[in-house]
Structures are given as C-alpha cells and as structure tokens.
Amino acid sequence: MNLKAVVGGFAGACTLTLINEGFALVDKKAPRLDLLGMNAVAKLVKNPASTPLLKNLLPVSLVGDLVSNSLYYGLASGASRERTLIRGALLGLGAGIGAVTLPKPMGLDERPTNATTRTKAMTVLYYLVGGLIAAAAINALDDKKG
C-alpha cells in the first residue's frame, strides 16, 4: 500500500467519523459507531480502568478507528479510476454490513448499529460514503491513473 492510498483512506476514515459524530448530535436514533468502538476496546482490555491510557475509552477508540479505517479504506486503490471507485464502494458496503452483523457474534452490544432498520441502513450508508470518499481522494492524488 502506498502513501497516496493511506492518505486517501484517511480521508474516508475522517469522513466516516465526521458523519457519525455529526448525525449523533442531531438525531438520537442515529447509529453510534463511537459506542461500538468503545465496546470493542473495553472487551479487548479486561479491566480498562486499571490502564491509565484507557480510563477514557473515547479517544483511544477514536484513534483506533481512524488508523484501522484509514488502512482498510486505503485498500480501495485499484489499477484504474473506475476500479478504485468500485473497490471503495465494495469496501464501504462490506464494512457497513460487518458493523451491522458482527457485533452480536463478537459479544459486543449490537444496539449502536442495530437499534432499528433505519439505524442499520444508516450504518451501511456511513461506511459506503467513507469508502467512496476514500476512492475519490485516492484518484485525486494519483495522477498516473487513466
């Protein structure tokens, strides 16, 4: 993975985070990907309160989400602009579907992304938009693609 892909992936990850945080402020029924991330961090660390860095899970979760989503969305880079957009869309759809279907089997609280059918649809849409923004940024940064 090259630097342009990681930077493009970071654009997608930031978009995803901003959409999540923005909608959470105005819509109480919106997905809460931040809560899902904090649940995951808390599950990874048996006693988060005993680790000073983890006393406040939000910043740790946010950094983890930005790094992992940047690397994930960076995989959208393809041989052509069209392939990059298709890959970005598929990666976004896959991540969104995973965020809806995987919490329960992983032992996480599924309510942040599964409260209603609308919440599930919004979750998938958030990730799809992140993937498309990542792909668009990668294309914009890569002047070698035709």
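General observations
- Subset of region 21-45 [aliphatic (A, V, I, L, M) and either part of a helix (DSSP H, G or I) or within 13 Å of the chain's Cα centre (by Cα) (or both)]: 24, 25, 26, 33, 35, 36, 38, 40, 41, 42, 44
- For region 63-78, taking the residues that are assigned to a loop (DSSP other than H, G, I, E, B) and of a type in the set (Gly, Ala, Ser), the one that is surrounded by the most Cβ atoms within 10 Å (Cβ to Cβ) is identified as 76.
- Restricting the first member to region 132-144 and to residues that are under 11 Å from residue 74 (Cα atoms) and touching a residue at least 60 places away in the same chain (Cβ under 8 Å), and the second to residues that are not aliphatic (A, V, I, L, M) and not in a helix (DSSP H, G or I), the beta-carbon pairs closer than 6 Å and six or more apart or on different chains are 138/77.
- In this structure, residue 7 does not satisfy being β-branched (Val, Ile, Thr), at pLDDT below 95 and surrounded by 14 or more Cβ atoms within 10 Å (Cβ to Cβ).
- Unique match (being at pLDDT 90 or above, surrounded by 16 or more Cβ atoms within 10 Å (Cβ to Cβ) and not hydroxyl-bearing (Ser, Thr, Tyr)) among 20, 2, 39: 20
The values are calculated or read from the model by the stated rules, or taken from the named source; none is laboratory data. Owing to the predicted nature of the structure, the values given are computational and were not obtained by experimental measurement. Ideal geometry is used to build each Cβ from the backbone, glycine not excepted, and the neighbour counts take in all protein chains shown.
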